[in-house]
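Structure record follows, encoded as structure tokens.
Since every read-out is calculated from the coordinates, none of them should be taken as a lab result. Because the structure is predicted, anything quoted here is derived from the model rather than measured. All Cβ positions, even for glycine, are placed from backbone atoms using ideal geometry, and neighbour counts span all protein chains on display.
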Amino acid sequence: MAIYKSRRRRSAFYLGLCYVAVAIGLGWLAIILATLLFEGFRNFSLTVFTQMTPPPGAEGGLLNAITGSLIMTTLGVAIGTPLGMLAGTYMAEYGRYSKLTFFVRFINDILLSAPSIVIGLFVYEVMVVRMGHFSALAGAAALAVIVVPVVVRTTEDMLLLVPDTLREAARALGLPRSIVIGKVAYRAARAGLVTGVILAIARISGETAPLLFTALNNQFFSTNLNAPMSSLPAVIFQFALSPYKEWQHLAWTGALLITLAVLALSITARALQTQRPAK
Amino acid sequence: MAGPCVPPRLALGHGWFIHHIMLCGDNAVADNLAVDDITLERVESRLTHALAGFKLRDGLFHVLTLAAAWAVLILLGGVIASLVVGSVPAIKAFGVNFLTTESWNPVTEKFGAMAPVYGTIVTSLIAMAIAVPSALGIAIFLTELCPFALRKPIGIAIELLAGIPSIIYGIWGLFVLAPFLQEHVQPELIAAFANVPVLSKLFAGPPYGIGVLTAGIILAVMVLPIVTSISRDVFETVPAVLKEAAYAVGCTTWEVIRSVVIPYTRVGLIGGVMLGLGRALGETMAVTFVIGNAHRISPSLLAPGTTISATIANEFTEAVGDLYTSALILLGLILFVITFIILAISRYMLMRLHRQEGR
């Protein structure tokens, strides 16, 4: 009986620790979100969307940073998505059992978690050094490199979910393979493919490290792709570490905007995923 | 499961195709086709053209996707190659000594990687020491203890948190965590361990707020959702039969977890932890905000330090001179090699788990 009791106590003790971990872990993350919402909304005003980033000590907004982020994110996704989708298509359709697919999958999973700052260095070496100056184009290229593995992964996963019977039925009608993929496989996996792109957007909209020395930053409004461009994360980085109160407030607001955007994107992706019709 | 389909065999004969149309009862088409041999030939030749077009498009698409798959490999190769090329001047100038030199002096152009490498490893270890037990606790809670109604919402919340960009954690660490540690925690730590032999060295010096310990804590918070969601997925692969059998012979919940769940999922857990470690090692923004960027190795965890990624982020745009830039790129290469190895091990472990699952 004593042994039994001690085992029960021991079990209760360790399970208690689990509850503590949950309380600390979730509580901590809740505190971060709460602070972010509080600080972000406290300094929030509509001028954020209408004014440029201010010089030190002045009021201003984040218009140039928001525009820059939107431009570079769009470009990055536009470059990275087709490449990622095609590669994912090869892995799921043509070379499902080939050595190449196995190898690409392995490398892709590593690229997926590779430090993004190294991607920044890569694009700096390949583009910024060649062109002789920082540019929005280089920033978009760095983001595209981050988009590729995300899209490859989801495309492959989603295409593999499409039942082979659908493909075989289409083939039995005499359709060529590329049309089977385009009209049957892509269409059946459409929600999943869109999810992948949305996840990729969510992933790069907060990326800071690869932009620091590709797109650099720009205090002024610019849509010139061949010149340095401002971006929200870069502005947050610069403003948060500054001693000026106005800048720090803007950094909080920017952080709030990014978080809200990322959360909205992730939730959309999740909603799409669960909506996927059952076969 | 067999492969998707056999390779294109469209040369079945278009006679068959026309016959097929006739069989389908499309009389208008069939009549037109069957008018006379000349028309038939014309239609046949048109069909041949169409089929050749299909074949061409098919081949093009195949080659295009194949090229894209190779491009992913080339991308990785390009990253490594460009880093190697960029770091050649530094490798020539410092050689292996780069790894064992602590000084980092842009003025005299003497660079060594020891301080950033040390900082990277120490912050990641602190992060792992905090994050792994908590993540396992949460994952156990989610798979074994949590009421069913709550499992999904909490799981979703954790996955959403895993997607929050690191700069958010960084700004929070700078404005909230660092001042809090400086005022309430660090003075106590210094006072409490002042007379303990080893620990007094670890917790020495003035409480700056920012420093190696703060960076480690922020990293832990960042890595926590990642490790949690992987451990949860891994725990869910344990067949219910195994757990039920253990309960049936009278095991307590903890004993089931200890002796069935964890041994069964060990490989996957190591993979998940390694993945978290890979993230922690390469994490840039969250650390850059709070580490203090000081190129020295201090035994105290409260002192400012630096990591590889923080050094690059802070100094790269300001680096003047080829050697300085090259030294930073060499740091990047070292970081990439370390994380590559860690992530490769992680993937291997997770892959083994999947194979075990499919058994």
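Side notes on the structure shown:
- Shielding by partners for peptide B:334-346, expressed as the average number of C-beta atoms from other protein chains within 10 Å of each residue's C-beta, is 3.
- Cα-centre dipole for the protein assembly as shown with unit charges at Cβ (Lys and Arg positive, Asp and Glu negative), debye to 20: 1640
- Total charge dipole magnitude, chain A, about the Cα centre, Cβ charges on Lys, Arg, Asp, Glu only, Debye to nearest 20: 1400
- Cα gyration tensor shape of region B:40-159, rounded if a/c is under 1.5, else prolate or oblate by comparing a/b with b/c: oblate
- Cβ-based charge dipole, region B:71-195, positive-most Cα from B:I91, B:Q186, B:L150: B:I91
- Interchain or long-range residues, amide H under 5 Å from B:K110's placed H: B:N105
- Taking other C-beta atoms within 10 angstrom as a stand-in for reagent exposure, B:E315, B:E183 fall in the order B:E183, B:E315, fewest first.
- Within region A:138-279, the proportion of C-alpha pairs whose separation exceeds 25 Å stands at 46%.
- With a threshold of 27 Å on the Cα-Cα distance, the over-threshold entries among A:K99/B:K243; A:K5/B:K243; A:K245/B:K110 are A:K99/B:K243; A:K245/B:K110.
- Whole-Å distance, taken between Cα centres, linking region B:36-104 and region A:138-159: 15
- Based on the Stokes-Einstein relation at 37 °C and a viscosity of 0.692 mPa s, and on the Kirkwood radius from alpha carbon pairs, the protein assembly as shown is assigned a translational diffusion coefficient of 121 µm²/s.
- As a proxy for reagent exposure, ranking B:W104, B:W172 by other Cβ atoms within 10 Å from fewest up yields B:W104, B:W172.
- Each 10 Å bin from zero holds the following percent of Cα-Cα pairs in region B:115-161: 24, 36, 23, 14, 3.
- Shielding of B:311-317 by partner chains, average beta-carbon count, 10 Å: 4
- For B:K110, A:K99, order by how many other beta-carbon atoms lie within 10 Å, fewest first: A:K99, B:K110
- Kyte-Doolittle mean at least 1.6, axial Cα span of 27 Å or more - DSSP H helices of chain B: B:114-140, B:212-235
- Eigen-decomposition of the gyration tensor built on the alpha-carbon atoms of chain B gives equivalent ellipsoid semi-axes of 57, 33, 17 angstrom, largest listed first.
- Span-like helix check, chain A: qualifying full DSSP H segments, with Cα axial length of 24 Å or more and mean Kyte-Doolittle of -1.0 or more, are A:2-42, A:63-89, A:136-161, A:245-275.
- Residue of A:G120, A:G40, A:G68 that the Gaussian network model of chain A assigns the largest fluctuation, springs spanning Cα pairs under 10 Å: A:G40
- Highest-fluctuation residue, B:F180, B:F235, B:F98 considered, GNM on chain B with Cα pairs under 10 Å: B:F180
- Alpha-carbon Rg/Rh ratio, for chain A, with Rh computed the Kirkwood way: 1.09
- Candidates A:V123, A:V77, A:V20: whichever shows maximal mean-square fluctuation once chain A is modelled as a Gaussian network with Cα springs under 10 Å: A:V20
- Other protein chain Cβ atoms within 10 Å, averaged over every residue that makes up B:272-284: 3
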